[in-house]
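**Q** Structure in structure tokens, see below.
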Amino acid sequence: MSENENYINKAIQELANPEFEVTKQYLQVMELELEDGIPKVARVNLDHADNSVAVYFFVKDERFFIAVTLSRGGAPSVQWVWIESGHRVYLTATSETLTYDELSRQIPFEPLSGWSVGDVKPNGKASYDFTRVSYEPIKNEAYGLEEKLHELLKVIESESESIRKLGEKAESCVAVCKHQYISANAGVHMDVELLNSLSAMGLALDIDTYIVGNEIE
């Protein structure tokens, strides 16, 4: 059995036969997504905090996650069960004059996504009146906000001069899309290092929060 499987199996035991009251409360108001009849794992974080491991599970029809924290070691024990918001974090730039090809040449990363001014929207009823180009290095949404921000900045700081120049040609920022469980902690923390990094590259921070799910009883 691999190290990950050891933690996953122990976490699934808690979900199947809860010992924590909070686990029971969550499972009363939400349903786990299953794969081959067992809870589907979104992520295993072997370096969660304080020598612990976190296993994240998909919730059916939702974009937040049930997370099980376990002690680190050969015979792990469950320490706590909680909800992690789903996060998308990406570098994005917009322009009303530059095309997608022109703007994407200003961003030295791959893969990029977006559209060009004048492109028809997916609904086929209107066209975009601005160009957007985005870079999202981690598509997995089972990350904490600060954790995901640091991972993005670690990448784009390697091209910090290009990012500063990007701000001279287009509106640029780090965008966050947060799917927060209705009964979860709404707090947001950003350390000084993160804020200084954003400022040094001339990047704004834009956060959109969606409150979702059913409250625990």
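The values are calculated or read from the model by the stated rules, or taken from the named source; none is laboratory data. Please read these numbers as outputs of a predicted model, since none were measured by experiment. Neighbour counts are summed over all protein chains in view; Cβ atoms, including those assigned to glycine, are modelled from backbone coordinates with ideal geometry. SASA here: full protein model, heavy atoms, side chains in, ligands and nucleic acids out. Shrake-Rupley method; radii C 1.70, N 1.55, O 1.52, S 1.80 Å.
**Q** Taking K and R as +1 and D and E as -1, what net charge do the other residues with C-beta under 15 Å from the C-beta of TYR210 add up to?
**A** -3
**Q** Moving on to the next point. How much of the DSSP bridge set in the stretch 94-217 is antiparallel, in percent, rounded to the nearest 5?
**A** If I count the DSSP bridges inside the stretch 94-217, around 45 percent turn out antiparallel.
**Q** Find the relative contact order for the stretch 47-135 and round it to a whole percent, using C-alpha pairs within less than 8 Å whose residues are 6+ positions apart.
**A** 21
**Q** For every other residue with a beta carbon closer than 11 angstrom to the beta carbon of LEU34, add +1 if it is Lys or Arg and -1 if Asp or Glu, then tell me the sum.
**A** My count for the surroundings of LEU34 gives -2.
**Q** Ok, one more. What whole-number value in Å² describes the accessible area per residue of the chain for a 1.4 Å probe?
**A** 54
**Q** Quick check on the stretch 49-116: what does the Kirkwood estimate of hydrodynamic radius come out to from the alpha carbon pairs, in Å?
**A** Evaluated on the stretch 49-116, it is 15.7 Å.
**Q** Something else about it: Got the relative contact order for the chain handy, in percent, Cα pairs under 8 Å and 6 or more residues apart?
**A** So the answer I get is 19 percent.
**Q** Find the relative contact order for the stretch 70-190 and round it to a whole percent, using C-alpha pairs within less than 8 Å whose residues are 6+ positions apart.
**A** Relative contact order here is 37 percent.
**Q** With runs of 4+ DSSP H residues as the only contributors, calculate the mean residue ellipticity of the chain at 222 nm using -39,500 (n - 2.57) per run, divided by the residue total and rounded to the nearest 500.
**A** The helix-only estimate for the chain comes to -8000 deg cm²/dmol at 222 nm.
**Q** On to the next question. Which option, [x] 294; [y] 125; [z] 152, is the value of volume of the Cα convex hull per residue in Å³ that was calculated from these coordinates?
**A** Only one listed value fits the structure, namely [z].
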